[in-house]
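Here is the structure we will look at, set down as structure tokens.
Just so it is clear, none of the values below were taken in a lab; they were calculated from the coordinates. Remember, it's a predicted structure, so these values are computed and weren't measured experimentally. Positions of Cβ are generated from backbone atoms using ideal geometry, with glycine treated the same way; all protein chains shown enter the neighbour counts.
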Amino acid sequence: MTYENLLVEREGFIVKITFNRPKTLNALNSSTLRELESCLTRLRREEKDQTRVVILTGAGGKAFVAGADISEMSSFGVDDAREFAELGHRVLDLIAEAPFPVIAAINGFALGGGCEIMLACDLAYASDRAKLGQPEVNLGVIPGFGGTQRLIRRVGLARAREIVYGCDMIDAEKARDIGLILEVFPHDELESKVTGIAQHLASKAPLAISQAKRVTEKGYDESLWAAHELERQAFGLLFGTEDQTAGMKSFLEKTKAEFKGR
Ligand code: HXC
């Protein structure tokens, strides 16, 4: 897979996607979003069996993604803006609904659309140089890639409003303390720490992780009854997999299971 604005590298079951427009601090233009859409679609279709974890990060050492591309957006009319928001929603939904975990490695600025991408990921870890935030109100707009809704679910209504209204940058430690990200690592260690986490997840039963992701993602906005039903269905389904047989057999025989994703 070769792209103009993304670097895509595979190592075994782990795929690293790097936003690669360092001159603009990896700002997201429509073409980058379309490339990400095509890349994620390929991973979940043609490369489904080989893909267990995806890592997202930014090129250039200064930014994860400094937001949607303000040069491109500045000439938008109402319909263009709506279409751009729809494109972003579609791509971030692909992250949130992917059958594998997506990890954000926040190695610098994660602002606006960059923070929204992070919110759509399953897990987020940051370097101690990271700065996060939703500065859209400074530009006379609001988050438009699902950020308003994902943010209130992540940090609560009042904290989300504080972040969106005030546009302040949040450093990595505060981001961890309010639950925006999970852990902070020294800048130079972020990549190896996140790779280690990805390797750990890639050794687990992929269909079980996929169902755990689906049930927690879909169940979150359902009634408790409907969400419990999703869980019961997924639990039952997994008993039709080779991985369940292998996992339980290995436990009983005191060996380590090699999961096949079948
Ligand atoms: C386009 C951007 C950009 C962006 C940075 N650049 N962010 N270009 N869109 N979002 C460009 C700058 O114009 C500059 O280009 C180069 O990257 C380096 O940035 P500097 O500003 O010179 O760097 P620095 O002084 O270190 O400041 C870093 C920064 C600042 C604090 C991150 O760049 C900044 O505030 N960026 C905008 C952040 C933002 O508002 N994001 C939200 C966008 S709205 P030149 O050519 O001058 O070197 C959004 C909406 C999402 O995301 C939803 C849409 C539907």
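Couple of notes before you dig in:
- The phi-based Karplus calculation (6.51 cos²θ - 1.76 cosθ + 1.60; θ = phi - 60°) puts the 3J(HN,Hα) values of segment 121-131 at 6, 6, 9, 9, 10, 10, 7, 5, 9, 5, 9 Hz, whole numbers, x for Gly and Pro.
- Longest exposed-site-free window of the chain, the sites being GluC sites (Glu not before Pro) in a DSSP loop that have at most 11 other C-beta atoms within 10 Å: 47-257
- Each of R129, R45, R34, R153 has some number of other Cβ atoms within 10 Å of its Cβ, and from fewest to most they run R45, R153, R34, R129.
- The value for segment 40-180 of Rg(Cα) / (2.2 N^0.38 Å) is 1.03.
- Magnitude of the charge dipole for the chain, about its Cα centre and with charges confined to Cβ atoms of Lys, Arg (+1) and Asp, Glu (-1), is about 600 debye.
- Comparing L238, L56, L25 in a Gaussian network model of the chain where C-alpha atoms under 10 Å apart are linked, the largest mean-square fluctuation is found at L238.
- For segment 46-60, backbone phi angles converted through the Karplus equation (6.51, -1.76, 1.60; θ = phi - 60°) give residue-by-residue couplings of 4, 10, 4, 6, 8, 10, 10, 8, 10, 10, 10, 8, x, 7, x Hz, Gly and Pro being listed as x.
- Mean residue ellipticity at 222 nm, helices only, the chain: -14500 deg cm²/dmol; runs of at least 4 DSSP H residues each add -39,500 (n - 2.57), and the sum is divided by the number of residues.
- Segment 50-130: C-alpha gyration tensor shape, a/c 1.5 cut-off, then a/b vs b/c: oblate
- Taking the fewest neighbouring Cβ atoms within 10 Å as the starting point, the ordered list for T32, T195 is T195, T32.
- Between helix 242-253 and the chain: long-axis angle, C-alpha atoms, 0 to 90°, nearest 10: 60 degrees
- Convex hull volume of the chain per residue (C-alpha atoms, cubic angstrom): 138 Å³
- Sorting D79, D171, D177, D69 from the fewest to the most surrounding beta carbons within 10 angstrom yields D79, D177, D171, D69.
- Placed amide H near N29: partners under 5 Å, 5+ positions off or other chain: D69
- Helix 157-166 axis, angle to the chain major axis (alpha carbon atoms, nearest 10°): 30 degrees
- Amide H contacts of F109: A63, F64, K131, each under 5 Å away and 5 or more positions distant or on a separate chain (H built 1.01 Å from N in the peptide plane; Pro and chain starts excluded).
- Built amide H within the under 5 Å cut-off of F185, gap 5+: A126, S127, D128
- Coordinate range of the alpha-carbon atoms in segment 167-225 per principal axis, descending: 40, 34, 15 Å.
- Tilt relative to the chain, helix 206-219 - C-alpha long axis, 0 to 90 degrees, to 10: 50 degrees
- Integer Hz, Karplus 6.51/-1.76/1.60 couplings in order for segment 72-83, x for Gly and Pro: 5, 5, 4, 9, 5, x, 4, 5, 4, 5, 4, 5
- Binned Cα-Cα distance frequencies in segment 1-79 - 5 Å width, integer %: 3, 15, 24, 22, 16, 11, 6, 3, 1
- Shape of segment 132-262, Cα gyration tensor, a/c cut at 1.5: oblate
- Span from the segment 217-262 Cα centroid across to the segment 93-128 one, whole angstrom: 25 Å
- When each of K131/K193; K193/K249; K131/K204; K23/K204 is checked by Cα-Cα distance, pairs over 27 Å: K193/K249; K131/K204; K23/K204
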